[in-house]
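See structure below.
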Amino acid sequence: MTAAVKTENGKVTRLNPGVEFEALMERLDAITPLLKENGEKNEEIGHLTDETVNALHEVGAFRIGIPESLGGYELTPRQTIQVLEKVSYADPATGWVLMALQMVTGTTGAYLPAEAQKELFGGGNYPLIAGQGTRSGKAVRVEGGYQVSGKWSFGSGMLHATHVHSAAYDADNDRPIVVTFPREQATLEDNWDVMGLRATGSIDYSCEDLFVPDAYVYEPTTTAPLAGGALYRLGLANMSGICHTGWALGVGRRLLDEMKSLAQKKTGSPGTSVDTDHFHAEFGRAESRLRSARAWAMEVWADNASTIDSGELLSVEQETLTRL
């Protein structure tokens with residue numbers, strides 16, 4: 001591990017070693033059967049069951065992206081990928097909700113000022129924050145904060161959240177911002193009618209002329225965390241990339257394992273396609289592509305972690321490889 005590095009505000013920051021990781025993975029192994037069993041029920045009701053959510057809370061899964069100084073585990077990028085991979089393998093919708101909630105909650109804690117950090121994470125508690133940053137609402141500067149109006153889509157995990165984070169734009173000052181406010185102040189729509197991942201509850205939501213104090217506002221391009229270590233110097237886009245990588249790898253692995261199991265049941269039956277050379281070749285190619293993708297993702301994030309731990313930001317090449 002490299003020497004500690006000071007940020008612009010004098011805060012010592014390096015990549016947290018994520019010491020809770022191994023114990024957390026063991027706890028997740030213990031609840032994996034429960035997560036699998038609740039998968040169909042989750043889809044039926046359009047959100048995660050209470051049993052699933054309580055189990056995730058009990059093992060500490062929602063803490064993985066929260067800064068250690070705020071009571072979280074602050075796992076490394078590769079550790080986060082592995083946690084999300086494991087949960088997404090058990091149930092894709094559960095993995096997606098965990099992915100969204102832990103990432104938004106953790107980055108909100110890292111980027112908001114100390115006043116908001118204390119109110120949201122004080123007393124050993126932590127919120128669950130969901131929302132969307134890809135469509136900007138309208139923000140009007142007023143004394144002490146902003147009046148915010150807007151409608152946002154794809155609020156994954158919103159049905160389990162305590163707070164909302166959303167992108168907004170202050171046109172008068174040409175300033176994009178992210179605002180955070182209690183969920184009860186948002187109007188939620190029951191409009192997530194899809195064939196798969198129904199349990200993510202990725203609904204639309206809105207607010208009108210809602211006052212958001214300055215303590216609950218930050219700029220979406222920031223790479224200067226006010227809590228936590230070097231992890232949060234990656235910024236929102238890269239943090240999102242970590243999370244989506246873990247989800248995709250877990251679901252991809254589950255898909256191939258399910259296909260293998262189905263093939264084993266059908267082999268030997270008259271006219272079955274699973275006994276053809278074409279099936280074997282295509283399955284082999286899919287297996288090699290998934291394993292290659294995982295190895296490459298882990299390699300890229302190992303290199304990224306080394307860079308941010310040294311106090312540097314990612315290079316253009318590293319940013320490009322990360323998006324690839």
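No lab work stands behind these numbers, since they all come straight from the coordinates. Since we're looking at a predicted model, the values are computed, not measured. Cβ placement follows ideal geometry from the backbone for every residue including glycine, while neighbour counts extend to all protein chains displayed.
Structural remarks
- Local electrostatic count, Val140, Cβ distance below 14 Å [Lys/Arg +1, Asp/Glu -1]: -4
- Placing pseudo-labels 7 Å out from each Cα toward the beta carbon at Ala237 and Met298 gives an inter-label distance of 2.8 nm.
- Ratio of Rg to Rh over the chain (Cα coordinates, Kirkwood Rh, two decimals): 1.00
- Here the 3J(HN,Hα) profile of the stretch 241-249, calculated from phi with Karplus coefficients 6.51, -1.76 and 1.60 at θ = phi - 60°, is x, 4, 5, 5, 4, x, 5, 5, 5 Hz, Gly and Pro shown as x.
- Potential lengthening between Phe283 and Lys151 on full extension [0.36 nm per residue; Cα-Cα distance subtracted]: 43.2 nm
- Rg over Rh, two decimals, the stretch 129-218 (C-alpha only, Kirkwood Rh): 1.00
- Remark: the stretch 41-58, residue by residue, has Karplus-estimated 3J(HN,Hα) of 5, 3, 5, 5, 8, x, 7, 5, 5, 4, 4, 5, 4, 5, 5, 5, 5, 4 Hz, where x stands for each Gly or Pro and the curve is 6.51 cos²θ - 1.76 cosθ + 1.60 at θ = phi - 60°.
- Shape descriptor for the stretch 44-175: Rg over Rh equals 1.00 (Cα atoms; Rh from the Kirkwood inverse mean 1/r).
- Working from label points 7 Å from Cα in the Cα-to-Cβ sense, the Asp193 to Thr221 distance is 4.0 nm.
- In this structure, the amide hydrogen of Arg135, modeled 1.01 Å from its nitrogen in the peptide plane, lies closer than 5 angstrom to those of Ala167, counting only residues at least 5 positions away or on a different chain.
- Using the Cβ-Cβ distance between Thr267 and Met25 with R0 = 22 Å, the FRET efficiency computed as 1/(1 + (r/R0)^6) comes to roughly 0.10.
- ³J(HN,Hα), Karplus 6.51/-1.76/1.60, whole Hz, each residue of the stretch 100-117, x for Gly, Pro: 5, 5, 5, 5, 5, 5, x, 5, 4, x, 6, 9, 7, x, 4, 4, 5, 4
- Here is how the number arises for the chain: DSSP H runs of 4 or more residues each give -39500 (n - 2.57), the sum is divided by the residue count, and the result at 222 nm is -15500 deg cm²/dmol.
- Arg141-Glu312 pseudo-label distance in nm [points 7 Å out on the Cα-to-Cβ vector]: 3.7 nm
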